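Some notes on the structure that comes next.
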Amino acid sequence: MDFTNEDFFKGIILFGLNNATYKMGLAQTLLKASRSKQNVIYWGDLAESYFDSYLTRLETNPMPQQGNPNRLTKMERIVKEFQLGVTNRNEAIKKVADTAFEDVVPRFQTIGTDKRIVADYFYEIDTNNKLVLKDTLLNFEEDQLDTLDSEIMARWGLLEGAFSINQSDFKLANDIREIYLKDGYDRKALTNNIPFLSGYQGNTCFYCGEPMGSDIHVDHVLPRQVVSHDEIWNLVLAHKDCNLLKSDRLVGKHFIEKLIKRNENIMGSNHPWKAQISNDLGTTPRRRAMSLQRHYDNVKTVLGQYYWGGTESYNPATDPFFRRLITVLNNK
Ligand SMILES: [Zn+2]
């Protein structure tokens with residue numbers, strides 16, 4: 001059989017299961033390099049070009065870049081952080097170079113599920129250093145490049161359309177995510193909070209109420225991937241299993257009520273975190289409860305159906321947390 005380089009490139013773009021749009025971004029980046037007859041792209045330049053493809057794509061009327069409505073792709077997050085001024089251009093491009101290529105660069109040269117037919121066909125990879133582009137890519141004529149470019153744009157739009165079917169209110173969810181990303185920061189180490197949190201929660205798991213052993217995990221009640229922070233008012237201790245089971249889903253309202261009470265336990269102390277919580281949520285118990293409820297409603301808008309009500313056996317009525325002296329005293 002006689003296939004042209006154009007056939008193969010189209011094959012890469014058009015066939016296969018696309019769980020996200022990464023391949024479209026890389027295809028566009030490769031065609032840009034082909035137009036300028038570059039036979040080597042260094043990692044930093046690849047990152048810059050790829051970043052610019054997404055920046056342009058997401059600039060006006062952004063659409064979801066993957067099928068799971070509860071998450072943002074790495075590129076959506078990086079572009080958003082840049083647009084909000086959380087990172088500058090160089091930082092954003094460095095994040096792309098460090099985190100965005102590990103899947104798409106090695107997987108790109110696949111048609112459907114066939115990994116052999118176009119393996120190393122358009123480029124060879126020198127990971128974290130450069131791509132060496134081959135004549136198969138560099139020899140495209142101007143009009144072929146135009147055709148391929150428009151194929152990419154069409155396919156990219158189709159994927160976004162398909163992904164947005166799962167999203168009930170993408171625009172609103174997007175706006176809420178931006179509010180949190182704007183004040184967000186990179187993940188901190190959380191294990192040093194365990195002794196402190198344990199004192200106010202009791203030595204039982206936040207989600208199942210059973211005693212804890214040595215497998216203690218620090219969990220973000222409102223998922224970190226939405227709130228983008230590690231503030232103490234949102235952190236609890238849980239079994240590793242319970243933590244994994246909950247994952248990054250929206251929890252039931254009874255857990256928010258429990259979190260409000262747990263935070264009041266901290267407020268009843270003289271720990272320095274007290275001032276931080278008061279700063280973040282409000283100066284009175286009522287204001288703090290309302291702020292937390294507002295954050296919960298925001299996260300609900302973003303996560304919607306992606307819900308976890310708790311382990312089967314959990315019953316707030318028998319949870320020892322509510323019978324602890326400090327809980328009773330601080331939540332009168
Ligand atoms: Zn548990």
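Which of the pairs Lys95/Lys188; Lys80/Lys171; Lys95/Lys182; Lys32/Lys130; Lys23/Lys171; Lys182/Lys246 have their Cα atoms more than 21 Å apart in this structure? Distance filter (> 21 Å) returns Lys23/Lys171; Lys182/Lys246.
The HN-Hα couplings worked out from phi for segment 122-133 by the Karplus form 6.51 cos²θ - 1.76 cosθ + 1.60 (θ = phi - 60°) are 9, 8, 10, 9, 10, 3, 6, 10, 6, 10, 9, 7 Hz, whole numbers, x standing for Gly and Pro. Here the Karplus relation 6.51 cos²θ - 1.76 cosθ + 1.60, evaluated at θ = phi - 60°, turns the backbone of segment 88-99 into coupling constants of 8, 4, 5, 5, 4, 5, 5, 4, 4, 4, 7, 10 Hz, with x for every Gly and Pro. Rounded to the nearest whole Hz, the Karplus-based 3J(HN,Hα) values (6.51 cos²θ - 1.76 cosθ + 1.60, θ = phi - 60°) of segment 17-24 follow the sequence 7, 9, 7, 7, 9, 3, 5, 5, with x at glycine and proline. Annotation: the antiparallel percentage among DSSP beta bridges lying fully within the chain is about 90. Solvent-accessible area assigned to carbon and sulfur over the chain amounts to 51 percent, based on a 1.4 Å probe. Among Gly44, Gly85, Gly213, the largest mean-square fluctuation in a Gaussian network model of the chain, built with springs joining Cα atoms closer than 10 Å, belongs to Gly213.
Specify the residue with the greatest mean-square fluctuation among Tyr42, Tyr180, Tyr50, computed from a Gaussian network of the chain linking alpha-carbon atoms under 10 Å apart. Answer for the Gaussian network model of the chain: Tyr42.
Have a look at Glu151, Glu124, Glu59 and tell me which one the Gaussian network model of the chain (Cα, springs below 10 Å) gives the largest fluctuation. Maximum fluctuation in the GNM of the chain, among the listed residues, is at Glu59.
Judged by the mean number of other Cβ atoms found within 10 Å, the most tightly packed of the peptides 216-226, 107-117 leads the ranking 216-226, 107-117.
Which trypsin sites (Lys or Arg not before Pro) does segment 162-217 hold that lie in a coil by DSSP with at most 16 other beta carbons within 10 Å?
On the way: sites: Lys171, Arg177, Lys182, Arg187, Lys188; in loops: Arg187, Lys188.
Passing sites in segment 162-217 are Arg187, Lys188.
Placing a label point 7 Å from the Cα of Glu142 along the Cα-to-Cβ direction, the residues of segment 27-46 with a backbone N closer than 15 Å are 35-37. Adding -39500 (n - 2.57) for every DSSP H run of four residues or longer, then dividing by how many residues the chain holds, sets the calculated 222 nm ellipticity at -16000 deg cm²/dmol.
Within the shell of other residues whose beta carbon sits under 13 angstrom from the beta carbon of Val104, the net charge comes to +1, with Lys and Arg scored +1 and Asp and Glu -1. Excluding ligands, DNA and RNA, the accessible surface per residue across segment 191-330 is 45 Å² with a 1.4 Å probe. Loop-located trypsin sites (Lys or Arg not before Pro) across segment 4-80 with a Cβ neighbour count of 11 or fewer within 10 Å are Lys37, with loop assigned by DSSP. Each peptide in 264-276, 295-307 gets a packing score, the mean of other Cβ atoms within 10 Å over its residues, and the list from highest to lowest is 295-307, 264-276.
Once you reduce segment 172-192 and segment 257-332 to the center of their Cα atoms, the two points are 19 Å from each other. Amide H contacts of Ala20: none lie under 5 Å away among residues 5 or more positions distant or on a separate chain (H built 1.01 Å from N in the peptide plane; Pro and chain starts excluded).
The values are calculated or read from the model by the stated rules, or taken from the named source; none is laboratory data. Note that the coordinates shown come from a computational prediction; the quantities given were computed from them, not determined experimentally. Here the Cβ is made from the backbone with ideal geometry for all residues, glycine too, and neighbour counts use every protein chain on show. Only protein heavy atoms, including side chains, enter the accessible area calculation; ligands, DNA and RNA are left aside. Shrake-Rupley method; radii C 1.70, N 1.55, O 1.52, S 1.80 Å.
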